[in-house]
Structure formats: C-alpha cells, structure tokens
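See below for the structure under consideration.
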Amino acid sequence: IERSSILRKKYKIHVSGHGAPSPLESFAELSSRYKCKPYLLQNLSERGFREPTPIQRQAIPILLSKRDCFACAPTGSGKTLAFLCPILMKIKPGSKNGVKAVILCPTRELAAQTARECKKLAKGRKFYIKLMTKELSTSGNFEKMPCDIIISTPLRLDFVIRKRKLDLSRVKYLVLDEADKLFELGFMEQIDSVVKACSKTTVVRSLFSATLPESVEKLASTVMVDAVRVNVGRKNS
Ligand code: ADP
Ligand code: MG
C-alpha cells in the first residue's frame with residue numbers, strides 16, 4: 001500500500017474505488033507480476049516503448065485484475081496501450097469459439113489506427129484481429145470467420161449485431177475508447193446495443209477519455225459496475 005501511494009504520487013496518478021492494484025514500476029513487471037509472455041515485452045521494446053506512461057502504469061494492472069476501469073488521461077498519454085496490453089495478455093489467440101474482445105472507437109480512422117497498433121503488439125502470436133470495415137460489416141461470414149479481437153465504430157458493430165447476428169456473448173473485454181467523442185457524436189443507442197450484446201456476466205468493461213464532461217460521467221455510471229477510476233494529469237473532480 002505504501003509502495004502504491006509513493007508510485008501514484010510520483011506519476012500524478014489519482015485513483016478512487018476500492019482494491020485498486022498497485023501501479024507498474026516497469027514493463028518488466030508484466031512478466032514478473034503477471035506472467036506476461038516474452039513476445040509482448042519484445043514487441044513493446046521493438047516499438048521503442050521503454051517505460052509505461054502513467055495511465056498505463058495504473059490502468060493495466062486494474063484491467064489485468066478484471067476490474068472495470070474508468071480512465072481519464074490527456075490526449076497523447078498512451079491510452080491505447082493501456083487497454084491493448086491487458087487484452088493481449090488475458091485472451092487466448094486462435095480461439096474458435098468467438099470474439100473475446102471488443103474495442104469501440106468514435107471514428108473509422110481511429111479504429112484503423114487502433115487495429116494497426118494492436119497487430120504490431122500482437123506480432124508473433126496468432127491472434128485474429130479484425131477491423132470492422134464496411135465490407136466486413138455487410139458481407140463478412142461471422143459464423144465461419146475466426147476472430148479474437150474486433151475493433152469497430154459503434155454504428156458498424158451495432159449494425160452487425162442486429163442484422164448479421166454476430167455473437168458477442170463470450171466477450172471478456174469491452175473497451176469504449178475516446179468516450180467523450182463517442183458521446184459527442186451521439187452514439188449512445190449503439191453503445192447500449194453493444195454493451196447488451198457483450199452479455200457474459202464476467203465481462204470487464206472499460207472507458208477511456210481525454211476529458212471528463214458530465215456526459216462521460218453519466219455514460220460511465222450506466223455502463224460500468226464498481227469501476228476503479230483513474231485520473232492522470234488532473235485532479236479527481
Ligand atoms: P492517447 O490515446 O492517450 O491519445 P496514444 O495511445 O495514441 O495516446 O499514444 C500516443 C503516442 O504515444 C503514440 O505515438 C504511441 O505510440 C506513444 N506511446 C504509447 N505508449 C508509450 C510508451 N510507453 N512509451 C513511449 N511512447 C508511447
Ligand atoms: Mg486514444
């Protein structure tokens with residue numbers, strides 16, 4: 001506990017919610033503490049990522065401990081890796097029984113960028129990582145297609161859930177990235193549909209945002225149960 005508060009002070013990490021695990025001191029701790037496979041550390045190092053950013057230090061252990069997480073940190077602070085690392089560590093690649101992780105992004109560009117980052121980090125492991133393109137959403141054969149991780153905008157994923165009967169009932173991790181933009185763009189109905197479709201009782205939900213308007217607070221409280229809140233770079237409001 002002492003160690004946790006020293007690290008949080010050092011990196012200006014503000015946490016609320018009970019039982020939050022202590023922040024990472026280094027990426028190496030992913031293997032010593034969480035038995036991370038060597039490929040991921042290798043890929044992080046190849047990408048030039050030597051040390052976790054503050055939001056990564058705290059959000060990664062929270063998601064690895066299967067707690068819902070509501071994370072707020074400025075643009076450019078490394079939020080993408082904060083959810084990709086735990087997903088890659090906690091789901092098995094090449095699964096034949098359905099989607100294990102869903103990442104919702106507000107725009108197609110962001111979804112594409114997140115998919116690229118995910119593939120780079122997953123290099124060397126046989127994860128099936130799918131970007132929900134227009135073509136995939138209208139003509140993909142989801143019953144036959146192996147898929148571990150889906151990255152999509154809310155509109156396309158909601159469309160696929162309703163019209164093409166994509167089964168998300170085994171999803172273990174659901175991420176709402178750039179929650180402030182998701183809300184601004186008016187995707188509440190679609191988000192609701194995705195949250196309902198990810199129906200596994202043990203699904204871990206997380207919400208990442210650069211700002212904390214009232215709307216995001218409200219979204220967080222409707223989507224998540226007993227979440228750990230993390231704020232970096234500003235006071236917990
Ligand atoms: P955010 O989503 O918070 O706006 P990103 O996840 O897009 O931020 O990351 C911003 C930039 O920081 C990206 O270029 C990313 O590659 C880089 N980055 C992420 N994590 C690290 C790290 N641990 N060390 C160095 N650079 C990092
Ligand atoms: Mg981001």
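Where a number appears in this text, it was derived from the coordinates with a stated rule and is not lab data. Note that this is a predicted model, so its numbers are computed, not measured. We place every Cβ from the backbone using ideal geometry, glycine too, and count neighbours over all the protein chains shown.
A few remarks follow.
- Candidates Leu136, Leu212, Leu166: the one that is surrounded by 19 or more Cβ atoms within 10 Å (Cβ to Cβ) and touching a residue at least 40 places away in the same chain (Cβ under 8 Å) is Leu166.
- Evaluation of Tyr39 against the conditions (1) part of a helix (DSSP H, G or I); (2) within 16 Å of ligand 2 (Cβ to nearest atom); (3) touching a residue at least 40 places away in the same chain (Cβ under 8 Å) shows that the sole unmet condition is (2).
- Some residue of the stretch 193-207 being touching a Lys or Arg at 6+ places or on another chain (Cβ under 9 Å), under 17 Å from Lys12 (Cβ atoms) and of a type in the set (Lys, Arg): no
- Test: Thr222 is of a type outside the set (A, V, I, L, M), in contact with an Asp or Glu (Cβ under 9 Å, 6 or more places away or on another chain) and either farther than 19 Å from Leu63 by Cβ or within 16 Å of ligand 1 (Cβ to nearest atom) (or both): yes
- Selection within the stretch 50-76 - crowded, with 17+ Cβ neighbours inside 10 Å and outside any helix (DSSP H, G or I): Pro52, Thr53, Arg67, Asp68, Cys69, Phe70, Ala71, Cys72, Ala73
- A search for C-beta distances below 7 Å between a residue of the stretch 66-84 that is near ligand 2 (Cβ under 8 Å from one of its atoms) and any residue that is part of a loop (DSSP other than H, G, I, E, B) and small (Gly, Ala, Ser), counting only pairs 6+ apart in sequence or on different chains, returns Thr75/Ala210; Lys79/Ala73.
- Filter result (farther than 16 Å from Lys90 by Cβ, within 15 Å of ligand 2 (Cβ to nearest atom) and touching an Asp or Glu at 6+ places or on another chain (Cβ under 7 Å)) within the stretch 201-217: Phe208, Ser209, Ala210, Thr211, Val216
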